[in-house]
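Single-structure report; data block below.
The values are calculated or read from the model by the stated rules, or taken from the named source; none is laboratory data. On a predicted model such as this, the values are computed, not experimentally measured, just so you know. Methodologically, a virtual Cβ is constructed for each residue, glycine included, from the backbone with ideal geometry; neighbour enumeration extends over all protein chains shown.
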Amino acid sequence: MATILVVDDDVLVRYFGLDVLAEAGFEALGAKHADEAVAILENRHDVRILFTDVHMPGASMDGFALARYVADRWPDIGIIVVSGLAAPRPGDMPPGARFHSKPYNSITVLTDVRDLLASRSLGSQRSPI
């Protein structure tokens, strides 16, 4: 079972994402902003997918910056970015990351999760850095 980290400052949206992923058979973890997400990633070496919103007030970085940070530090983690307010501009997202507009389609998101897991052979645990 792959572990997915859902990052969204809106608790209801975060729980919706957690529920969708858990019902699909994934272990889903939640974080309310980028700083909490980085702390989780530093302590958990089983996260295979980052699923993040773009706008997270009060965090040191938005979802685009978090996606780039994670791609640089943990390149084996697949990345899905979602937003109801902003579409990615050139350079916003790391190569290979997927974007979905909110409200997102759960089936399409789950397809991307499975594709990212398969394309990166993310079945084994990450090594700590």
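Residues checked against (1) at pLDDT 95 or above; (2) of a type in the set (D, E, K, R); (3) on the phi > 0 side of the Ramachandran plot:
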position	(1), (2), (3)
D8	yes, yes, no
R14	yes, yes, no
D19	yes, yes, no
G25	yes, no, yes
G30	yes, no, no
A34	yes, no, no
A37	yes, no, no
L41	yes, no, no
key: Residue within the range 57-74 that is in contact with a strand residue (DSSP E or B) (Cβ under 6 Å, 6 or more places away or on another chain), touching a residue at least 40 places away in the same chain (Cβ under 8 Å) and within 18 Å of I107 (Cα to Cα) present   = no
Residue among I80, I49 that alone is touching an Asp or Glu at 6+ places or on another chain (Cβ under 7 Å), touching a residue at least 12 places away in the same chain (Cβ under 8 Å) and not in a helix (DSSP H, G or I) = I80
task = Give the residues of the range 63-88 that are over 29 Å from G25 (Cβ atoms) and modelled with pLDDT under 95, sorted by residue number.
result = L85, A86, A87
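Does the range 83-109 hold any residues that are under 18 Å from M61 (Cα atoms) and either touching a strand residue (DSSP E or B) at 6+ places or on another chain (Cβ under 9 Å) or not in a loop (DSSP other than H, G, I, E, B) (or both), and which are they? I'd like the intermediate steps shown before the answer.
Taking the range 83-109 and keeping what is under 18 Å from M61 (Cα atoms), we get 83-94, 97, 99.
Result: S83, G84, A87, P88, D92, M93, P94, A97, F99.
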Qualifying positions in the range 1-28 - out of contact with any His (no Cβ under 8 Å at 6 or more places or on another chain), within 18 Å of A59 (Cα to Cα) and crowded, with 20+ Cβ neighbours inside 10 Å = L5, V6, D8
ask   = What is the one condition in (1) out of contact with any strand residue (DSSP E or B) (no Cβ under 9 Å at 6 or more places or on another chain); (2) among the charged types (D, E, K, R); (3) in a helix (DSSP H, G or I) that D19 does not satisfy?
value = (1)
request  = Identify, by number, the condition in (1) on the phi > 0 side of the Ramachandran plot; (2) surrounded by 19 or more Cβ atoms within 10 Å (Cβ to Cβ) that G91 doesn't meet.
outcome  = (2)
